[in-house]
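The values are calculated or read from the model by the stated rules, or taken from the named source; none is laboratory data. Bear in mind that the values here come from a model prediction, so they are computed numbers and not experimental data. Every residue, glycine among them, receives a Cβ derived from its backbone with ideal geometry; neighbour counts consider all protein chains shown. Side chains included, ligands, DNA and RNA excluded: accessible areas come from the protein's heavy atoms. Shrake-Rupley method; radii C 1.70, N 1.55, O 1.52, S 1.80 Å.
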Amino acid sequence: MSTATTDNRRKAPAGERVADWADGRLGIYSLAKVNMRKIFPDHWSFMLGEVCLYSFMIIILTGVYLTLFFHPSMNEVVYHGSYVPMQGMRMSEAFKSTMDISFDVRGGLLIRQIHHWAALIFVAAMLVHMMRVFFTGAFRKPREVNWVFGFLLLVLGMFTGFTGYSLPDDLLSGTGVRFMEGAILSIPIVGTYVSMFLFGGEFPGSDFVPRFFSIHVLLLPGVMLGLLVAHLILVFYHKHTQFPGPGRTNNNVVGMPLLPVYMAKAGGFFFLVFGVIAAIAGLASINPIWAMGPYRPDQVSTGAQPDWYMGFSEGLIRVMPGWEINLWGHTLVLGVFIPLMIFPLVLAAIAVYPFIESWVTGDKREHHLLDRPRNAPTRTAFGVAWLTWYLVLLVGGGNDLWATHFHLSINAITWFVRIGFFVGPVLAFIATRRICMGLQRRDKEKVLHGRESGIIKRLPHGEFVEIHEPISQEQMHTLTAHEQPKPLELEPEVDENGVARKIGAGQKLRVKLSKGFYGEGTHIPKATAEEYREITSGHGHH
Amino acid sequence: MSSQDIPEETLPAAHGDAHGAVATADDPFADPGLPPHEHRKQDIDERAAQRSERVVAFLFTLSMLATVGFIAAYVSLPVDKSIYVFPIGHISALNFALGLTLGVALFCIGAGAVHWARTLMSDVEHADERHPIEASPEVKAKVLADFKAGAEESTFGRRKLLRNTMFGALALVPLSGVMLLRDLGPLPGTKLRKTAWSEGKMLINQNTLQPLRPEDVQVGSLTFAMPEGMSEEDHDFQKEIAKAALMIVRLRPENIKDKKSLDWSADGIVAYSKICTHVGCPISLYEQQTHHVLCPCHQSTFDLSDGGRVIFGPAGHALPQLRIKVNDKGYLEAMGDFSEPVGPAYWERG
Amino acid sequence: MKKLSARRRHPLAAVVVLLFALAVTGGLYAAFAPADTAKADDSAQSLAIEEGKKLYSVGCASCHGTGGQGTTDGPSLVGVGAAAVDFQVATGRMPLQQQGAQAPRKKAIYSQAEIDQLAAYIASLGAGPAQPTKSQYSPEGADIAKGGELFRTNCAQCHNFTGKGGALSNGKYAPSLEGVNPKHIYEAMQTGPQNMPSFPDTTMSEKNKKDIIAYLDTVNSDKTKSPGGLELGGLGPVSEGLFAWIFGLGALIAVAIWVAAHTAKAKKS
């Protein structure tokens, strides 16, 4: 090999020589052999993850720019910048430097707005991406670990967003930080200590902006970057999932190669995402801190909300009744502490579902073919119930704006959310499962009787019928490719030798859950070959 | 139950590869395999392909022009220039111009690349085989054997003392890191119990910065006050006002339902903490006809005519009232600090 | 007609006729009441009071009592002053159309001259704040930054950072201050209409009020600058979040659909 390359060196083009050099040190040829023509399936929903990746990159790029001008300090200064309605006001250096970025640095406002819009879109895209993975069952073996990585990225993204939102030290974000302090104080036993340590003394003190700054620009993005790389490596390693269809099996992946098609599509998509966000930042204002003013703990505005991704926690805290227990000289602030505990539980509920499902089904196989949501009614119903839960809480988080814009009573909305918190998900679950089954029934009709053509035919004896056209082999295969798992059965208490067997409570629960997931009334049995033959071989069908 | 009719071998995993599968007579739903590739217009019509090429080149050129526009806008537009753009309003000319040119410059690169990929690069679908992720039994056996050999050579399992002391050392060493966090802040002590109010401090109107007289405060009005001697220029102003902020309203004495509240008022003037007992927002949405005060953050509602009792929302206890009187000079003054901690509740509050 | 005459002896006929008559009276009243009073043009104070009293007895007395003493349907107007009358009537809040959580802002149905007469009459019932003069409420020469600070201390908690309005309990609300005449803002601060507390000169000086009006004039009027672009209602993160979802993520998904879609195939010949 070495002699061959030496001989070729003079003749090889420059690019190849560079590649040779790199290969000798990094082994890039072996890497490229596997990855250069890697196949990616085409589907718009597979690009949601890319929206997350690209908005994250945009946030990092713009964030680095912002650090060049932002002063993470709470020293008091007097404003003399170019925004007239704030001349001579006392404010922290953090606020002043953010004002300067917005009004005195050319393009600073644009970068600030790109940063903030990209952050909102980043978290929104992560949630939608996660829902895509959830509803298509893409989290199943072997991708459970990547599901967890993705979930952690969502949670870290939320907190990175929150710490960033707090940095300008404006009246809106200061109110948010004050809320956080109140929530920390509610933690039994250690609350006051945690609060004092976080704020370097009493609220607001002069430490939280620099501390949040390190967390926002270093700690959390660092962890996220690590997780992101791991997430992407696993995506490459597992190869992408695909929807069932002709030629698409669990053992292959059908699509177009990374080089050149996906290099151009994915690379181009980065520019598309960046372009859209830049245009939005040029057109729409976000977080206009000059309209809010610097933070003062004795000032406030109505409509004090966090950015949307913290909205559901805002809903939790707004609708909770004010329970407080005073015993033995101590106070248990349940009115704040319970929402603080439900907050991670709401997130965890969706995160643990894949593990519950895999335990209930006992399925140990790899799954690379996606489910259509209707073909997994219980999972879909659970997902919709969770989304309903989340949405009800979001409504609660914006109850004052609902009240003013729809002329409702804020108290009535709060009660609606209190009841909806418990009832909404249950109703959503029942309704979704029924809808899924309706869609399954339609699929079955389609397979057995063909597509409704819309052509009406009059039979000789006067009856009108609609002509159904048989569907293609491809469609027929696609509509019947899904599995319908059987519920587990409890093994008989006495085995074949008459020896009593002990069945644990865990196993009983599992069988019960399995019946609930896959038992009778949870799906429409899909068309079988026998049914199909019976109908097609018969006559008089339409 | 048709699900019972599906034996393992008909599961999707059991289907053959993409190209080989042929619909068998006995399974009407069998995988027909990848459909044959169909040509796009650009594949068979060179003129169509050239049109695509021109579109892509146009997009890339547009991007270049937009970048030039970006630079031109950056250089020529003053940072404080405002223009009226219908229907957006009076906006910064620079931000608008930079945002749109940057947006177009980036978007056109992306659109060009994607259009190129979609119309001119091959769109033949390929199938990649997947391979099971799990290692083969031989590999697994080899790894386990290697691990066993390594573990034995380390004497880790045999020398329990070594193992236990190492675990001990590793468990203890992070404590140094925890210790180092101690100086992040002071211990709570009684800091949250005390505010800047004390006996004899006059109530200073935050609007006029003058001491308040009872006749200044009318029924139905709302006034905010801070303790005498506090100034915005103080370095600890933020921390102190976060606890001392005061809300003053006047009620007709016959409207004050709570006996203690009446005793602590002066001529019907009641002074309550402005800091919500829920999580500390400055509560002050005062409805003068109902005497209710609402928190803008989480809508806790308090009745100022009834000792600041909570009547709705997530707050857990009444608003603390400051005991005030009219001093000999005719000004309102505090008769001491709040008798209970103001603001959000916490474990040691009691 | 036959049908009608056949039913005239129906037991409910009387009720129908009564309802009909009531509706006609009410409708005619609504149509003509303000018009009837659209004359009167005398500047003498006593005449103004006299005219105001006439207007009052037609338009206001049914709820506020014949002498302004108040009834179960409306509060006493003795001592509320001319400023309160001007605010309530000129912003269309009074006369009230129907009882509700709160009187909404409407188109005013009285002319300014009539309002002044009404105000003169109410002021004659008992001393109260007079209507402010132009020099008191015009934003010229005021300290905008100080006004901003005062606004955030006294007003923003109900009316939002820049006066976009906000919710109060049980369906009540703090209205948006967009397009409100500075005079009416001044009067509202002085008199505390409905559930709004008052901010009398003794606790919020004339200068303070002027500063606040100047601030509002800067941040909430048709010449207000929104450097960043679309203001999105000035409502903060909720509208920003909605925008990010609908136009941000929405646009990106639309783009993704284009990127991932299969290119159209050539038609088979």
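Using beta carbons and a limit of 6 Å, which pairs, at least six apart or on different chains, have the first residue in the range A:265-285 and within 7 Å of another protein chain (Cβ to nearest Cβ) and the second one outside any helix (DSSP H, G or I) and open to solvent by less than 10 Å² (accessible area, probe 1.4 Å)?
So the pair list comes out as A:Leu283/C:Gly229; A:Ala284/C:Gly229; A:Ser285/C:Gly228; A:Ser285/C:Gly229.
For the range A:51-65, check the following and say yes or no: at least one residue is part of a helix (DSSP H, G or I), without any contact (Cβ under 8 Å) to a residue 40 or more places away in the chain, surrounded by fewer than 19 Cβ atoms within 10 Å (Cβ to Cβ) and of a type outside the set (S, T, N, Q). Give the steps one after another, and end with the answer.
Applying the first criterion (part of a helix (DSSP H, G or I)) to the range A:51-65 yields A:51-65.
Narrowing further to those that are without any contact (Cβ under 8 Å) to a residue 40 or more places away in the chain: A:61, A:64.
Now drop any that are not surrounded by fewer than 19 Cβ atoms within 10 Å (Cβ to Cβ), which leaves A:61, A:64.
Going one step further and asking which of them are of a type outside the set (S, T, N, Q), we end up with A:61, A:64.
Yes - at least one qualifying residue is present in the range A:51-65.
Evaluate the range B:81-100: report whether one residue or more is within 9 Å of chain A (Cβ to nearest Cβ), of a type in the set (Gly, Ala, Ser) and in contact with a strand residue (DSSP E or B) (Cβ under 7 Å, 6 or more places away or on another chain).
Scanning the range B:81-100 turns up at least one residue that is within 9 Å of chain A (Cβ to nearest Cβ), of a type in the set (Gly, Ala, Ser) and in contact with a strand residue (DSSP E or B) (Cβ under 7 Å, 6 or more places away or on another chain).
Going residue by residue through the range A:138-150, is there one that turns out to be in contact with a strand residue (DSSP E or B) (Cβ under 8 Å, 6 or more places away or on another chain) and either within 14 Å of another protein chain (Cβ to nearest Cβ) or not in a helix (DSSP H, G or I) (or both)? Before you say what the answer is, go through the steps one by one.
Step one: of the range A:138-150, the residues in contact with a strand residue (DSSP E or B) (Cβ under 8 Å, 6 or more places away or on another chain) are none.
Checked the range A:138-150: no residue is in contact with a strand residue (DSSP E or B) (Cβ under 8 Å, 6 or more places away or on another chain) and either within 14 Å of another protein chain (Cβ to nearest Cβ) or not in a helix (DSSP H, G or I) (or both).
Each row is one residue, and each column tells you yes or no for (1) at pLDDT below 90; (2) farther than 19 Å from B:Pro320 by Cβ.
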residue	(1), (2)
B:Thr190	yes, no
B:Lys201	no, no
B:Pro211	no, yes
B:Ser221	no, yes
B:Ala225	no, no
B:Glu232	yes, yes
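Output the number of residues of the range B:66-80 satisfying the condition of being of a type in the set (A, V, I, L, M, F, W, C) and at the interface with chain A (Cβ under 7 Å from one of its Cβ atoms). Break it down into steps so the answer makes sense when it comes.
We begin by selecting, within the range B:66-80, every residue of a type in the set (A, V, I, L, M, F, W, C); these are B:66, B:68, B:70-73, B:75, B:77, B:79.
Checking the rest, the ones that are also at the interface with chain A (Cβ under 7 Å from one of its Cβ atoms) come to B:79.
Number of matching residues: 1.
Among the residues of the range A:412-423, write down those that are open to solvent by less than 20 Å² (accessible area, probe 1.4 Å) and either over 21 Å from B:Gly313 (Cβ atoms) or without any contact (Cβ under 8 Å) to a residue 24 or more places away in the chain (or both).
Of all residues in the range A:412-423, those open to solvent by less than 20 Å² (accessible area, probe 1.4 Å) come to A:413-414, A:417, A:420.
Of everything in the range A:412-423, just one residue is open to solvent by less than 20 Å² (accessible area, probe 1.4 Å) and either over 21 Å from B:Gly313 (Cβ atoms) or without any contact (Cβ under 8 Å) to a residue 24 or more places away in the chain (or both), namely A:Ile413.
If I go through the range A:128-163 residue by residue, how many of them are under 21 Å from A:Phe213 (Cβ atoms) and open to solvent by 20 Å² or more (accessible area, probe 1.4 Å)?
4
So that you can scan it fast, the table gives a plain yes or no per residue for (1) under 16 Å from C:Phe199 (Cβ atoms); (2) open to solvent by less than 10 Å² (accessible area, probe 1.4 Å); (3) within 34 Å of the chain's Cα centre (by Cα):
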{"position": "B:Lys201", "(1), (2), (3)": "no, no, no"}
{"position": "B:Asn205", "(1), (2), (3)": "yes, yes, no"}
{"position": "B:Thr208", "(1), (2), (3)": "yes, no, no"}
{"position": "B:Pro211", "(1), (2), (3)": "no, no, no"}
{"position": "B:Glu215", "(1), (2), (3)": "yes, no, no"}
{"position": "B:Leu222", "(1), (2), (3)": "yes, yes, yes"}
{"position": "B:Ala225", "(1), (2), (3)": "yes, yes, yes"}
{"position": "B:Gly229", "(1), (2), (3)": "no, no, no"}
{"position": "B:Asp236", "(1), (2), (3)": "no, no, yes"}
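Can you tell me which of B:Leu181, B:Leu187 is at the interface with chain A (Cβ under 10 Å from one of its Cβ atoms), among the aliphatic types (A, V, I, L, M) and open to solvent by 90 Å² or more (accessible area, probe 1.4 Å)?
Values: B:Leu187 fails: open to solvent by 90 Å² or more (accessible area, probe 1.4 Å).
Only one candidate passes the filter, namely B:Leu181.
Which pairs have Cβ atoms under 6 Å, sit 6 or more apart or on different chains, and link a residue in the range C:192-215 that is at the interface with chain B (Cβ under 10 Å from one of its Cβ atoms) and under 23 Å from B:Thr290 (Cα atoms) to one that is among the aliphatic types (A, V, I, L, M) and part of a helix (DSSP H, G or I)?
If the second residue must be among the aliphatic types (A, V, I, L, M) and part of a helix (DSSP H, G or I), the pairs left are C:Phe199/C:Met189.
Among the numbered conditions (1) open to solvent by less than 10 Å² (accessible area, probe 1.4 Å); (2) within 30 Å of the chain's Cα centre (by Cα); (3) facing chain C (nearest Cβ under 9 Å), tell me where A:Gly335 comes up short.
(3)
Every residue, every condition in (1) within 8 Å of chain B (Cβ to nearest Cβ); (2) surrounded by fewer than 18 Cβ atoms within 10 Å (Cβ to Cβ); (3) not in a helix (DSSP H, G or I), yes or no:
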residue	(1), (2), (3)
A:Gln484	yes, no, yes
A:Leu488	no, no, yes
A:Glu496	no, yes, yes
A:Ile503	no, yes, yes
A:Gly506	no, yes, no
A:Lys515	no, yes, no
A:Gly521	no, yes, yes
A:Ile524	no, no, yes
A:Arg533	yes, yes, no
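Can you name the residue in the range B:113-138 that is assigned to a helix (DSSP H, G or I) and more than 7 Å from chain A (Cβ to nearest Cβ) and, of all such residues, is most open to solvent (accessible area, probe 1.4 Å)?
By that ranking, first place goes to B:Glu138.
Mind counting the residues in the range B:304-334 that are without any contact (Cβ under 8 Å) to a residue 40 or more places away in the chain, open to solvent by 10 Å² or more (accessible area, probe 1.4 Å) and touching a helix residue (DSSP H, G or I) at 6+ places or on another chain (Cβ under 7 Å)?
Residues flagged as without any contact (Cβ under 8 Å) to a residue 40 or more places away in the chain, open to solvent by 10 Å² or more (accessible area, probe 1.4 Å) and touching a helix residue (DSSP H, G or I) at 6+ places or on another chain (Cβ under 7 Å) within the range B:304-334 amount to 2.
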